[in-house]
1. Given R₀ = 22 Å, what would the calculated FRET efficiency be for A:N69 paired with B:R63, taking r from the Cβ atoms and rounding to 0.05?
2. Rounded to whole Å, give me the distance from the Cα center of the range B:71-101 to that of the range A:61-101.
3. For a quick check: with amide H placed at 1.01 Å from N, whose amide H comes under 5 Å from A:V54's, ignoring anything fewer than 5 positions away on the same chain?
4. Full-extension gain between A:V174 and A:A249, please, as 0.36 nm times their residue separation minus the C-alpha to C-alpha distance.
5. Please check which bits of the range B:74-107 a label hung off A:E96 would reach, taking the label as a point 7 Å along Cα-to-C-beta and the cut-off as backbone N under 18 Å.
6. Can you give the FRET efficiency to the nearest 0.05 for B:V8 and B:I92, using r as the Cβ-Cβ distance and R₀ = 30 Å?
7. Please arrange B:V34, A:V219 by counting, for each residue, the other beta carbons lying within 10 Å of its beta carbon, fewest first.
8. Taking every pair of alpha-carbon atoms in the range A:99-143, what share in percent sits in each 10 Å bin, from 0 to the bin with the longest distance?
Amino acid sequence: MLSRALLSAQQSRALALLGSRATATSASHAAASQTNEGDLPEFRRRVREEPGKVRMGFIPEEWFQFFYNKTGVTGPYTFAFTLSTYLVSKEIYVLEHEFYNGISLAIICVAGVKIFGPKVAAALDREVDEFEKSWVQNRQNQKDYCSEGIELEKKLQSSMEAQNMLIQAKRENVALQLEANYRQRLMTVFNEVKKRLEYQTEKQNIERRIAQKNLVEWVVAKVKASITPDQEKQNIDRCIADLANLSKA
Amino acid sequence: MGFGDYPVEYNPQKHGPYDPARFYGKQDIPLAQVKLGELGAWFGRRNKSPNAMVAAISRAFWRWQHKYVQPKRVGVAPFFQVVVGSSILFYILNYDRITSHRNYKYH
């Protein structure tokens with residue numbers, strides 16, 4: 001049980017170490033990126049642009065602005081008109097069959113854009129929004145997942161502390177058990193010693209009693225042996241005399 | 001610089017995420033601000049290797065992409081630009097054949 005406690009303590013320490021290391025790396029990474037972006041003017045992160053402004057569907061606004069300073073608002077149109085007049089009149093631009101084909105194609109294209117454009121744009125924008133929303137949602141889900149993981153980790157760590165308390169209690173319990181066992185063994189030793197001592201005293205008493213009995217028997221035997229018949233006779237006489245005295249009295 | 005590699009001057013630590021529309025070499029003054037007398041020197045400083053030319057075209061392509069194709073809500077402009085640009089290109093390529101359709105002898 002103690003070894004298990006040690007193991008869990010090691011685990012908790014390892015987890016704490018892991019946590020500190022993870023935070024340390026992320027912090028250092030954040031610091032590095034900050035210094036990179038802050039200090040170096042060459043460090044640039046591309047941001048998504050707004051679509052470039054165009055006139056007549058496709059001609060960049062900048063081309064008109066290029067004319068604007070020199071010629072005013074009508075400049076670019078004048079330039080385009082005069083240039084096309086020159087090209088057509090000199091037949092540098094040849095008005096062959098492809099030109100009229102192109103005009104009809106352009107009319108179809110423009111009409112299509114004018115008629116279907118808004119609907120298609122709305123549908124595509126909706127799709128773009130949904131796509132973006134799905135990515136944002138995915139990102140948010142990932143964030144939630146990570147924060148949930150962090151919460152769970154914190155909870156696990158706090159429960160690990162509770163485990164430590166539990167282990168403390170278990171240790172105390174073991175100590176109590178050991179103490180009880182120790183006392184029980186002490187009691188056993190005491191009882192055993194007492195039993196042996198009682199045996200010894202009993203043995204001594206018995207030996208003494210036997211010795212006394214033997215001595216008494218021996219002394220009685222000797223005394224009996226030493227009594228002569230005269231003495232016995234005298235004794236009996238004396239007894240009879242005593243009895244006589246007693247009867248007299 | 002091998003095929004498909006980043007430009008030699010590109011350093012992720014220094015420049016950040018790679019931007020295909022950006023020139024990572026030493027910046028020169030823009031062509032629009034060059035004085036006429038210094039135009040020769042300016043052209044002399046240009047790198048005229050085929051690699052550099054392809055890289056310049058690639059950067060221009062990506063600039064156009066970032067401006068007209070990659071934004072979040074693009075219009076129909078890039079499609080028309082491609083159509084008009086390609087028709088001009090093929091007009092130029094076929095110019096010799098087209099001129100035989102001229103209607104007038106004297107201009």
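Taken together, the values in this text are just the output of simple stated rules run on the coordinates, not laboratory data. The structure displayed is predicted, hence computed values, not measured ones. Cβ sites come from the backbone with ideal geometry, for glycine too, and all protein chains shown count toward neighbours.
1. Efficiency, from the Cβ-Cβ distance: 0.45.
2. Cα centroid of the range B:71-101 versus Cα centroid of the range A:61-101: 15 Å apart.
3. Hits under the 5 Å cutoff: A:E61.
4. Separation in residues times 0.36 nm, less the Cα-Cα distance, equals 18.2 nm.
5. In the range B:74-107, the label zone of A:E96 (backbone N under 18 Å from the point 7 Å along Cα→Cβ) covers B:86-106.
6. Rounded to the nearest 0.05, the efficiency is 0.30.
7. A:V219, B:V34
8. Whole-percent P(r) values from 0 Å outward: 25, 25, 21, 15, 10, 3.
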